[in-house]
1. Inside segment 36-80, can you point out the residues that are in contact with a strand residue (DSSP E or B) (Cβ under 9 Å, 6 or more places away or on another chain), surrounded by fewer than 17 Cβ atoms within 10 Å (Cβ to Cβ), not basic (Lys, Arg) and not in a strand (DSSP E or B)?
2. Looking at the structure I just gave you, is Arg49 among the basic types (Lys, Arg) and at pLDDT 90 or above?
3. With the condition kept exactly as written, say whether any residue in segment 23-34 is part of a loop (DSSP other than H, G, I, E, B), within 25 Å of Ile115 (Cα to Cα) and either among the basic types (Lys, Arg) or at pLDDT below 60 (or both).
Amino acid sequence: MIHALTCLLFPLFGSCAPFIEYAASPGALIADPVYYYGRPVIVTGNVARLRQLRGASFGTLAETFYLCNGRCVQVFMREHTAMYEGERVSVRGFFSVNQRVGKLLLHNDIDAAEIFPRV
């Protein structure tokens, strides 16, 4: 916590990378995946191709969907949410280029920590 406060008070003093979230569009993530790889991102778009999954390969409930705003990026969430097709949402999570979750192989996806609606 002290490091986070130091980062806020003196942004050029020390490494603040763990406390920065990159606001990006789905198109920006697809255009430059190496830049965003492993970084915390916040992306806003419309939900498309929502699939709620359940299975032993995940160990818990999960869902995948595409977040679209011109171009689409895949999102993986380790729980079911009350989203619906076409809803505008923002996703906070970490971007990865290739990720294997159980039997799923995800490309250019966000491992979502939080999803919240946008108006």
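1. Of everything in segment 36-80, those that are in contact with a strand residue (DSSP E or B) (Cβ under 9 Å, 6 or more places away or on another chain), surrounded by fewer than 17 Cβ atoms within 10 Å (Cβ to Cβ), not basic (Lys, Arg) and not in a strand (DSSP E or B) turn out to be Tyr37, Gly38, Gly55, Ser57, Phe58, Leu61, Gly70, Glu79, His80.
2. Yes: the conditions hold for Arg49.
3. No, that holds for no residue.
The values are calculated or read from the model by the stated rules, or taken from the named source; none is laboratory data. Source: prediction; values computed, not measured. Virtual Cβ from ideal backbone geometry, glycine too; neighbours counted across all protein chains shown.
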